[in-house]
Amino acid sequence: MRAVRAAILAASALALGGCTYLAPVTSFLGMGDDSRKPAALTPITAKVTPKAAWTAAVGKPADFVFHPEVLGGKVYAANADGDITILDEATGRVLAKVETKKRFAGGLAVAENLVIAGTLKGDVLAYDLAGKALWTTNVLGEVIAPAAITKKTVVVRTSDGRIFGLDAADGKRRWVYQRQAPALLLRTDASVHVTGNDVVAGYAGGKLIALDLEDGKLTWEVTVTAPRGATELERISDVAGIPIVEPGRICAGAFQGKIACFEIQTRNMLWSRDVSTPSALAVDATNLYAVDDNSHVHALDKASGTSVWKNDKLAFRRVTAPVIAGGNVVLGDYQGQLHVLAPATGEIVGRLATDGTRIRSIRPGTSGLLVQTAGGSVVMVRF
């Protein structure tokens, strides 16, 4: 199995600027190996009935992941051709469409009256909520992750791991943080999380760090998992997704590594568990949820890290990161199927077909879940 993983990763490598970027292994599972073919869907006993309240065409994301965002009763969605579509959250009616003439690769981020998108050429573009261009700056690196926006600062991460603090008013650089990167990096749309005056981010080598929002200086660092293995491929252990921050604690997961939780004040590890994940985590009042390299879904006790359940019914279906909605765990797969799992047992209790193309992202809205697909649809899902 290790040889299969290495072959898949090697086939997906892209060399840029002295580093090699690797697409997550889940992007290629089920190709050319009978043992890793996507699991066939089996009938379920539906206890939850998700419904598509509306569907809107917003343009295809190409090979990138775009996240629809909600602010003030409006949904903002982007595509790879640089279009921003503004929809009414209640009805899905198109309120406005902005054609920026740029090739977007990362975003959207919407907050503090700003809409931020990025490009492969390093352009960071800011618009107001009506789609009027405000400023553009360049960070000399691929911007494939959504920004984090505060009142004074727009925090942008490039695919090589550099983090920039830009002035929210004009885009001028306030600070930049960078560290030496290993020869191989996992190529993901993982952004950063701003909590209080800290910018929290996961890094290669299994590191989780915090920067000061004002000046970008490193304030603390912990190790989620240590790299293991004899080759560069085997030693990839990048922290994936945005860390989960709760009062007094922070949790993160690493590809080919572990999931771990730490006490923020002391940075002491509370617990860790050997689960390799290439995507973000989700959490509710009781459990922490993760999807591993094989698209198995795990529920871990939030207090101790012990396994609550594991669902392998979606194996190799290239599922999204989990999202909590309506008290359930929700994921999307490569055939456009939305799956609803019971948080106590992991049983699949609901399912919804979207447009038949891969679900690229799921975002909670104020009145439901927003699903964006590879086919160019945004679907409002309500329960």
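One line per residue, one yes/no per condition, for (1) crowded, with 21+ Cβ neighbours inside 10 Å; (2) β-branched (Val, Ile, Thr); (3) assigned to a strand (DSSP E or B):
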residue: Leu331; (1), (2), (3): yes, no, yes
residue: Gln335; (1), (2), (3): no, no, no
residue: His339; (1), (2), (3): yes, no, yes
residue: Ala344; (1), (2), (3): no, no, no
residue: Arg351; (1), (2), (3): no, no, yes
residue: Asp355; (1), (2), (3): no, no, no
residue: Ile362; (1), (2), (3): yes, yes, yes
residue: Thr366; (1), (2), (3): no, yes, no
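Considering region 99-137, and only residues there that are polar (S, T, N, Q) and assigned to a strand (DSSP E or B), the residue that is nearest to Thr158 (Cα to Cα) turns out to be Thr119. Scanning region 150-174 for residues that are in a strand (DSSP E or B), crowded, with 21+ Cβ neighbours inside 10 Å and free of Cβ contacts under 8 Å to residues at least 60 places away in the same chain yields Val154, Val155, Val156, Arg157, Ile163, Phe164, Gly165, Leu166. One residue alone among Val75, Val110 is modelled with pLDDT of 95 or more, among the β-branched types (Val, Ile, Thr) and within 16 Å of the chain's Cα centre (by Cα), and that residue is Val110.
Among residues of region 307-328 being in a loop (DSSP other than H, G, I, E, B) and among the basic types (Lys, Arg), the one that is surrounded by the fewest Cβ atoms within 10 Å (Cβ to Cβ) is Lys313.
For region 236-259, taking the residues that are assigned to a loop (DSSP other than H, G, I, E, B) and out of contact with any helix residue (DSSP H, G or I) (no Cβ under 6 Å at 6 or more places or on another chain), the one that is farthest from Gly205 (Cα to Cα) is identified as Pro247.
Matching residues to (1) at pLDDT below 95; (2) closer than 19 Å to Pro343 by Cα; (3) outside any loop (DSSP other than H, G, I, E, B); (4) out of contact with any His (no Cβ under 8 Å at 6 or more places or on another chain):
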| residue | (1), (2), (3), (4) |
| --- | --- |
| Cys261 | no, no, yes, yes |
| Ser272 | no, no, yes, yes |
| Ser276 | yes, no, no, yes |
| Ser279 | yes, yes, no, yes |
| Tyr289 | no, yes, yes, no |
| Asn294 | no, no, no, yes |
| Leu300 | no, yes, yes, yes |
| Gly305 | no, yes, no, yes |
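With respect to Gly346, is the statement that it is in contact (Cβ under 8 Å) with a residue 24 or more places away in the chain and more than 19 Å from the chain's Cα centre (by Cα) true? Answer is yes for this residue.
If you go through region 138-149 and pick out every residue that is within 21 Å of the chain's Cα centre (by Cα) and either hydroxyl-bearing (Ser, Thr, Tyr) or not in a loop (DSSP other than H, G, I, E, B) (or both), you end up with 2.
There is at least one residue in region 99-110 that is buried (at least 18 other Cβ atoms within 10 Å of the Cβ) and among the polar types (S, T, N, Q).
Identify all residues within region 41-69 that are among the β-branched types (Val, Ile, Thr) and touching a strand residue (DSSP E or B) at 6+ places or on another chain (Cβ under 7 Å); write none if there are none.
Ile44, Val48, Thr49, Thr55, Val58, Val65
The values are calculated or read from the model by the stated rules, or taken from the named source; none is laboratory data. Just so it is clear, the structure is predicted and the values come from calculations on it, not from any experiment. All Cβ positions, even for glycine, are placed from backbone atoms using ideal geometry, and neighbour counts span all protein chains on display.
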